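Structure first, then comments.
Every number here is computed from the coordinates shown, using simple stated rules; none is lab data. The model shown is predicted, which means the values in this text are computed figures rather than measured ones. As a convention, Cβ positions derive from the backbone with ideal geometry for all residues, glycine included, and neighbour counts pool all protein chains shown.
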Amino acid sequence: MRIVIVCYPTFGGSGVLATELGKSLALRGHRIHFITYDRPVRLTSFSAQIFFHQVNPGKYPLFDYLPYETALASKLVEIVKTARLDVLHVHYAIPHASSAYLAQQILKESGIDIPFITTLHGTDITLVGKEENYAPVVSFSINKSTAVTAVSEYLKQATLDTFDIRIPIEVIYNFVELDRFSRSPEIRNGRQCMAPNGERLLIHASNFRKVKRVVDVYEVFRKVNLELPSRLIFIGDGPERSIVERMVWEHKLQDDVIFLGNNQAIEDILPMGDLFLLPSETESFGLAALEAMACGLPVIATHVGGLPELVEHGVSGFLCSVGDIDDLAKCALTILKDDNTQAQFAGQARKQAEKFSIEKIVPQYEALYNSVLN
């Protein structure tokens with residue numbers, strides 16, 4: 001098949017999942033065309049089966065904000081015509097689904113009837129999608145999709161609760177490449193530079209938006225560090241990072257808290273850790289947690305969104321109430337204080353991650369493509 005994938009090119013979960021899906025589909029013999037405003041961050045290597053097309057809205061003094069949605073629809077029309085594509089797959093409803101619908105209608109004028117699939121990822125429904133400025137278009141474009149998927153049962157239900165949806169929504173979970181995200185001894189040995197004195201190593205990875213509650217991550221670490229020598233690694237960047245950096249300086253913990261920024265080699269960093277922290281206000285699924293679990297990191301997270309579908313409470317980690325710093329820290333210490341307990345949770349985290357392997361999930365997308373084409 002010849003497939004278009006439209007996504008955001010950033011470090012967010014929707015862009016990461018879409019890119020990894022395209023790469024996997026290319027390995028399975030499909031021809032993949034990525035269309036977005038910049039090269040996806042995880043699209044780093046060459047493949048004869050993968051093509052990237054950049055959307056450039058251009059410049060015109062009349063516009064305070066460039067009409068990206070229109071430029072994207074035009075680019076979709078152009079590439080579908082020139083590359084003779086079979087199906088459009090858009091990730092994140094805003095504005096990709098409406099752009100896909102517009103492109104689909106334009107192409108019909110030329111006798112081309114191409115289906116488009118919309119995959120819902122989270123804040124396109126639970127946060128941004130609820131805004132009065134967007135809600136009618138989001139609802140309309142979802143209903144006009146040929147097929148719709150969501151990354152968790154929670155997100156499916158949230159979509160049905162938020163919008164008047166008259167089309168079936170299929171749950172296809174996020175996935176992980178187990179061979180790539182693993183607790184290999186070679187990488188594990190690299191933790192010496194991060195924890196030179198044998199400290200416990202806690203890790204958090206996100207886009208540092210407010211919903212990720214990175215201040216909670218730091219406060220949990222402080223409580224753990226008071227009882228157990230520990231260090232904290234922050235992976236990612238975003239608006240809340242400067243707040244946490246200031247707190248680190250105020251508490252004179254610069255030697256114990258490491259900010260790595262946006263890093264494409266996350267699979268080389270995660271295996272060094274002992275525990276992953278994800279105390280988010282909401283998560284549609286928790287792709288970062290899944291990648292950590294595949295690397296053998298138990299997860300301390302909040303009991304929100306799709307996280308209970310991923311993290312088994314008391315088995316592969318613990319789920320706590322949002323903002324309950326004391327309970328989050330207590331659960332973290334339960335795992336970290338004893339080597340045998342940490343090892344047991346680590347093995348169980350990896351076992352749980354295996355349920356979401358790329359080999360199990362990607363064929364579900366292939367079956368969906370075939371169904372909309374037939």
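Split the chain at each of the chymotrypsin sites (Phe, Trp or Tyr not before Pro) in a DSSP loop with at most 13 other beta carbon atoms within 10 Å, and the longest piece is 66-374.
Spatially, the range 1-24 and the range 321-374 are offset by 21 Å when compared through their Cα centroids. So how far, in whole Å, is the C-alpha centre of the range 94-115 from the one of the range 230-271? Distance between centres, Cα-based: 42 Å.
If the segment from residue 339 to residue 134 were pulled out straight at 0.36 nm per residue, it would be longer than the present Cα-Cα gap by 68.8 nm. Net charge of the neighbourhood of residue 117, taken over other residues with C-beta under 15 Å away and scored Lys/Arg +1, Asp/Glu -1, is -2. When only the Cβ of Lys, Arg, Asp and Glu is charged (+1, +1, -1, -1), the dipole of the chain relative to its Cα centre reaches about 800 debye. Extension gain, residue 259-residue 371: 0.36 nm per intervening residue step, less the Cα-Cα distance, totals 35.8 nm.
Are there trypsin sites (Lys or Arg not before Pro) in the range 269-374 that DSSP puts in a loop and that have at most 16 other Cβ atoms within 10 Å, and which ones? Could the numbers behind the result be given before it?
On the way: sites: 330, 337, 350, 351, 355, 360; in loops: 337.
When the trypsin sites (Lys or Arg not before Pro) of the range 269-374 are filtered for loop state and at most 16 Cβ neighbours within 10 Å, 337 remain.
Of all segments of the chain bounded by GluC sites (Glu not before Pro) found in a DSSP loop with no more than 12 other C-beta atoms within 10 Å, the longest spans 133-374.
Classify the range 185-356 as rounded, prolate or oblate from the Cα gyration tensor: take a ≥ b ≥ c as the square roots of its eigenvalues, call it rounded if a/c is under 1.5, otherwise prolate when a/b beats b/c and oblate if not.
Rounded is the answer for the range 185-356, as its axis ratio a/c remains below 1.5.
Taking a ≥ b ≥ c as the square roots of the eigenvalues of the Cα gyration tensor of the range 294-338, is the shape rounded (a/c under 1.5), prolate (a/b larger than b/c) or oblate?
Values: a/c = 2.26, a/b = 1.06, b/c = 2.13.
Note, shape of the range 294-338 comes out oblate.
Measuring between alpha carbons in the structure, the pairs from 223/252; 223/337; 75/156; 212/360; 156/355 lying more than 22 angstrom apart are 75/156; 212/360. Counting every pair of alpha carbons in the chain, the share spaced more than 33 Å apart comes to 31 percent.
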